[in-house]
Amino acid sequence: MTGEIFLIRHGETEWTLSGQHTSRTDLPLTEAGRNQAKALGQILKGMLPAKRTSLVLSSPMRRAMDTCHLTGFDPQIEDNLREWDYGSYEGLTSGDIHKSAPGWTIWTGPVPGGESPEQIGARADRVIQRCLSVLDNSGDAALFSHGHMLRVLAARWLGLAPDAGRFLALETASVSALGWEHKTRVVRLWNQTA
């Protein structure tokens, strides 16, 4: 297979600046986030030839959709690309959470009222399955989503447990690529920003 899956994280929001966990809250991009997305569009033009980009999917959240449109793509909505559901930790920073749950991380949980690593891993697996038919035809897929979701998706692509995403830091307005080395699934590019 020669097709690749491009993972594009949305641009900056007010809560990415403050470090607040953002899943269900539908925040817009900041002005800087909009500029990041436009600059990222220039990078993507060289990476994603229109004739090969067979599938463009986006989380339904405004920050992902706006990033997609500002980079010059028109996506299909894919609900499975939503961010990790942070449950009652929505809107809190890790520092806020540590006051009641010392040492907590999203990777080690639990997430009261939210998703487990296994649940978000299952969503990532569904997205990968949707992309494989495109990759089989030497096409590419572009996925516009969120930091934790894309990290889990990359881990699952590599056959790792969802919590292995903790080893894959990802900046806002970044592009990464998953592909192949012979028949082995690999990370071809990680965390490229404009």
Tail weight of P(r) past 16 Å, computed on alpha-carbon pairs of the range 1-60, percent:
55 percent
Descending Cα extents along the principal axes, the range 51-137, whole Å
51, 27, 17
Using only the Cα atoms of the range 97-192, build the gyration tensor, take square roots of its eigenvalues as a ≥ b ≥ c, and label the shape rounded, prolate or oblate: rounded if a/c is under 1.5, else prolate if a/b is larger than b/c, else oblate.
prolate
Long-range HN-HN contacts of G11 with modeled amide H, under 5 Å
T67, A173
Of T108, T13, T184, the one that fluctuates the most in a GNM where the chain has Cα springs shorter than 10 Å:
T184
Around S176: net Lys/Arg minus Asp/Glu count, Cβ-Cβ under 15 Å:
+2
Starting at 0 and stepping by 10 Å, how many percent of the alpha carbon pairs of the range 145-194 end up in each bin?
28, 56, 16, 0
Which percentage, to the nearest 5, of the DSSP beta bridges contained in the range 5-193 is antiparallel?
50 percent
Ranking L7, T105, W84 by how far each Cα lies towards the positive end of the charge dipole of the chain (+1 on Lys and Arg Cβ, -1 on Asp and Glu Cβ), the top one is L7
Please state the charge dipole magnitude for the chain, taken about the Cα centre, from unit charges on C-beta atoms (+1 on K and R, -1 on D and E), reported in debye and rounded to the nearest 20.
460 debye
What is the magnitude of the charge dipole of the range 130-185 about its Cα centre, with +1 placed on the Cβ of each Lys and Arg, -1 on the Cβ of each Asp and Glu, and no other charges, expressed in debye to the nearest 20?
160 debye
Place a +1 charge on the Cβ of each Lys and Arg in the range 1-116 and a -1 charge on the Cβ of each Asp and Glu, then give the dipole magnitude about the Cα centre in debye, rounded to the nearest 20.
400 debye
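Coordinate-derived values only; no laboratory data. Every value quoted in this text rests on a predicted model; they were computed, and no experiment measured them. Backbone-built Cβ (ideal geometry, glycine too); neighbour counts: all protein chains shown.
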